[in-house]
Amino acid sequence: MSDSHTIGEAPLAVEHADRPELRHHFADVEQQRNAATLGMWWFLGTEIMFFGGMFCAYLIYRRWYFPEFAAASRSLSLPIGTFNTTVLICSSLTVAMSVRAAQLGNRKMQVRMLLLTLVFGLAFLGIKTKEWSDKYREHHIPTFDYNVVGGEGDLIQENKHLLGIDKVENDPVKLRAREAEIQQHTKVFYSLYFALTGMHAIHMLIGVGLFGVVTWMAHKGRFTPEYHTPLEIAGLYWHFVDIVWIYLFPLLYLIDRKPIS
Amino acid sequence: MATTAVSVEKKNYINAEYGIRSWLFTTDHKRIALLYIISITAMFFIGGFFALLIRLELLTPAGDLLTADMYNKAFSMHGQIMVFFFLVPSIPATLGNFLIPMMVGAKDLAFPRINLLSWYIYIAAAALYLWCLASGGVDTGWTFYTPFSSQFSNTHVVEAALAIFIAGFSSILTGLNFVVTVHRMRAPGMTWSRLPLFVWSHYATSIIMLLGTPVIAITLVLVALERTLNLGIFDPTRGGDPVLFQHLFWFYSHPAVYIMILPSMAVISEIVPCFSRKRVFGYNFVAMSSIAIAAIGFLVWAHHMFVAGISVYAALVFSFLTFLVAVPSAIKVFNWTATMYKGSVSFSTPMLYAMGFIGLFTIGGLTGVFLGTLGVDVHVHDTYFVIAHFHYVMVGGAVLGFLGGMHFWWPKISGRMYPESWGRLAAIIVFIGFNLTFFPQFILGYVGMPRRYWDYSHMPEWQALNVLSTAGASILAVGYLLPMVYLLWSLRYGKPAPDNPWQATGLEWRTASPPPTFNFDEIPEVTWEAYEYEKMPLPEEVTLER
């Protein structure tokens, strides 16, 4: 901790002239690093609460409207989703390796791993965009001409038993009522799907921006084995955004993937 | 600047640099606190203007001054501005920002640039909100209840929701800065048990800010998405559930009440020992009760929803937890009173506010227990009883704490003494005006006057109490304007303040008034406990009075 610092007279920039990365109000690099890391952990706590609101809504509606949620979940592409999950996990690996490279003082490796991270991150976003545009084509986006009964994005035919259509098929009045219900309840699923994946994608975008800066800093040789806090805390953020996806993937894609009978 | 009165002066944070840029790009927590003081005061007066409209309308039973729609907008914008743009940032962003680094013996908050960023975010949010206001305003009440807000209201709901969403980030960043500063920036020897209670209370507040604010942020975003992109999450016609909105809204907005009151309790915990010349009674209990309030405060939200169709069993649990959260609040009140007991109490301006706070907060808190009781709540739900209750907490509590704190630390902030007799006069006017405004509302609510009504011509017997309330509001307005005037006056004409005018303990009093940019000439080493008043001399003014 600080003991014999004279302050007040010393101009801001000169105080830690030997350590340019050390900001004036910290006693030493250790304190600065601890503060930054703790700050990021608390920030991730707020992020958990931020996504928590939506997860809470998801939990309730999934319980209420389970068949509709399961049917709508089946309309998401499992191969694309799985592949995208892999891409994201790989990006976390490259982040971890770039931190390791920084600890070892290997600048070339650091930059290479960070660039790979950016590639994986952008690839994830690209694939996500493709999935969203598929949903648009299928009329599954609540904003535009939403429809899941008949037409291109029909969910009824393939999930007759799951949705209880087979029980009301012979009664046109009940059938229409059930279809209206399905239309409504799947809309809740897709609303949550787009809200959750949309918020996640915004976080990914921020992460890509953040890692753009970190990559540039690494390229300029700012990080040493003793000091690479920005890389570390940006890494924490990236891993967090990954973990959110690790939850989103099963919750949205894997609700009920039993073979359709 | 006002400080030119004394020609040869030590460099302090105010005269360290000059020019508008040195303020707009400052990372000094003390300067940022001043920026916040100016901005939240401006928002306070805008919110107050709407309060004035409400009180004028209710002067007569007929809905004559405003149209019904305008009245809806007036109370909505009064609530939203006061809650999100004044009360939530009030003490933390101003006094907390100014004092916490000094109280823990640091040169600045942990993240000075993030601190400045939080002010810019606040300004952006306020600007967006004022734009929303200028383009026609919003009429959802401060609570944004769906489905009215998401389907039926044709006012500027999205803009208002986004403005509050953005303001949320400013409060998250403030909270983040405080938590990290308290954990990581304490001076040598400043152990957790030596922290001033001001810091403990702000620590608890920051935890609520960090864990609560993101929930209302996402909730308001979902409302905005429902309005703009037709998502269906709270809208019953799209399969959603409006009660879920209420759950998510109150999950933040009840703890937000503690965001508003805990910092006031922080201020009171400093003022009471100082003007009683005694150690605070039961330091550990006061400190831990702040944490307990933050923790239990997260578990009581559904007491706002007893008539919203939640299950009876849930209501019972929430009612019980509501009683439970009153316990740590009561501990604080008892301990402050016990601190005064047999102390050398002097009635300086900050102490008058503190005593006002204790009395009014007790009334506000106890009526909160009434409201947490299932049967009583059904009777007085959505009446003026509720309005009176939360104004006793938010005005009688939070605003009195803010004013008391501003007076207590004014010598430190400005380097000038405020005129004491004017200060006492204003404190008494605020107290009288406040009670005259809000006590009649308890009675009005009890006899059944509903909140948010603009016309009560079917019940003309309510007029007398409403007239009293409006009269009180005008007295209260004088009480608010007076400090504005004499505090500004004191910047130029006030007596230069000594470093420690109240002979208070606490590190902030061991540096110059106003403090230098980095707070201390030398980082102090703390070897004493907080509130060792038995070792402090009596302040000069008190000695003279005796």
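Remarks
- Relative contact order [Cα under 8 Å, 6+ residues apart], the stretch A:47-253, whole percent: 32 percent
- Two-site label geometry, A:VAL173 and A:LEU93: point separation in nm, points 7 Å out along Cα→Cβ: 6.0 nm
- Using a Förster distance of 45 Å, the FRET efficiency for A:ILE60-B:MET288 (Cβ separation, nearest 0.05): 0.85
- Averaged over peptide A:46-59, the number of partner chain Cβ atoms lying within 10 Å of each residue's Cβ comes to 6.
- Residue mean of other protein chain beta carbons inside 10 Å, B:182-193: 3
- With R₀ fixed at 22 Å, the C-beta to C-beta distance from B:LEU324 to B:HIS379 puts the FRET efficiency at about 0.50.
- Once backbone amide H atoms are built at 1.01 Å from N, B:ARG416 has B:ALA497 as its partners under 5 Å, excluding neighbours fewer than 5 places away on the same chain.
- Here B:LYS11 is the anchor, and the aspartates and glutamates within straight C-alpha reach of less than 16 Å, apart from those fewer than 8 places off in the same chain, are A:GLU9, B:ASP28, B:ASP499, B:ASP521, B:GLU522.
- Aspartates and glutamates with Cα under 16 Å of B:LYS73, excluding same-chain neighbours fewer than 8 positions away: B:GLU57, B:ASP64, B:ASP139, B:GLU159, B:ASP455
- Within the stretch B:85-223: Cβ-based charge dipole about Cα centre, in debye rounded to nearest 20 (Lys, Arg +1; Asp, Glu -1): 600 debye
- Placing a pseudo-label 7 Å from each Cα along the Cα-to-Cβ vector at A:ALA123 and A:LEU78 gives an inter-label distance of 2.3 nm.
- Length-normalised contact order for chain B - Cα pairs under 8 Å, 6+ apart - percent: 18 percent
- Where only DSSP H runs of four or more residues are counted, chain B gives -21000 deg cm²/dmol as its mean residue ellipticity at 222 nm, each run worth -39500 (n - 2.57).
- Proximal aspartates and glutamates relative to A:LYS135, as straight alpha-carbon distance under 18 Å, when same-chain residues fewer than 8 apart are discounted: A:GLU68, A:ASP145, A:GLU152, A:ASP154, A:GLU158
- Computed from Cα atoms, the angle from the helix B:157-184 axis to the main principal axis of chain B rounds to 30 degrees.
- On Cα atoms only, tilt of B:242-276 relative to the major axis of chain B in degrees: 30 degrees
- Only Lys, Arg (+1) and Asp, Glu (-1) charged, at Cβ; the protein assembly as shown dipole about Cα centre in debye: 900 debye
- Residue-wise HN-Hα couplings along the stretch B:187-197, as the Karplus relation 6.51 cos²θ - 1.76 cosθ + 1.60 with θ = phi - 60° gives them from phi, are 5, x, x, 7, 6, 4, 7, 9, 5, x, 5 Hz; Gly and Pro carry x.
- For the stretch B:194-275, applying the loop criterion from DSSP together with a ceiling of 10 other beta carbons within 10 Å to the chymotrypsin sites (Phe, Trp or Tyr not before Pro) yields no site.
- Residues in the stretch B:474-479 carry Karplus couplings, in order, of 6, 5, 4, 4, 4, x Hz; the curve used is 6.51 cos²θ - 1.76 cosθ + 1.60 with θ = phi - 60°, and Gly or Pro positions show x.
- Listed residue (B:PRO236, B:ASN15, B:ILE358) projecting farthest to the positive dipole end of chain B, Cβ model: B:ASN15
- Pairs beyond 27 Å (Cα-Cα), from B:LYS30/B:LYS278; B:LYS30/B:LYS495; A:LYS128/A:LYS160; B:LYS10/B:LYS107; B:LYS278/B:LYS332; B:LYS412/B:LYS535: B:LYS30/B:LYS278; A:LYS128/A:LYS160
- For B:THR383, residues with placed amide H under 5 Å, excluding near neighbours: B:ARG451
- Adding -39500 (n - 2.57) for every DSSP H run of four residues or longer, then dividing by how many residues chain A holds, sets the calculated 222 nm ellipticity at -24500 deg cm²/dmol.
- If R0 is taken as 60 Å, the Cβ-Cβ distance between B:LYS535 and A:THR224 corresponds to a FRET efficiency of 0.80.
- Averaged over the residues of peptide B:168-180, the number of Cβ atoms from other protein chains lying within 10 Å of each residue's Cβ is 3.
- The stretch B:499-505 - phi-based ³J(HN,Hα) in whole Hz, Karplus 6.51/-1.76/1.60, Gly and Pro as x: 5, 9, x, 9, 6, 8, 7
- Centroid-to-centroid separation of the stretch B:396-454 and the stretch A:127-147 [C-alpha atoms, Å]: 55 Å
- Gap separating the Cα centres of the stretch A:43-120 and the stretch B:463-521, nearest whole Å: 50 Å
- Of the GluC sites (Glu not before Pro) in the stretch A:177-261, those whose Cβ has at most 15 other Cβ within 10 Å and which sit in DSSP loop: A:GLU226
- The modelled label-to-label distance between B:THR337 and B:PHE49, using points 7 Å beyond Cα along the C-beta direction, is 4.2 nm.
Taken together, the values in this text are just the output of simple stated rules run on the coordinates, not laboratory data. All figures in this text were calculated on a predicted structure; none of them were measured in a lab. With ideal geometry, Cβ positions are generated from the backbone for all residues, glycine too; neighbour counts draw on all protein chains shown.
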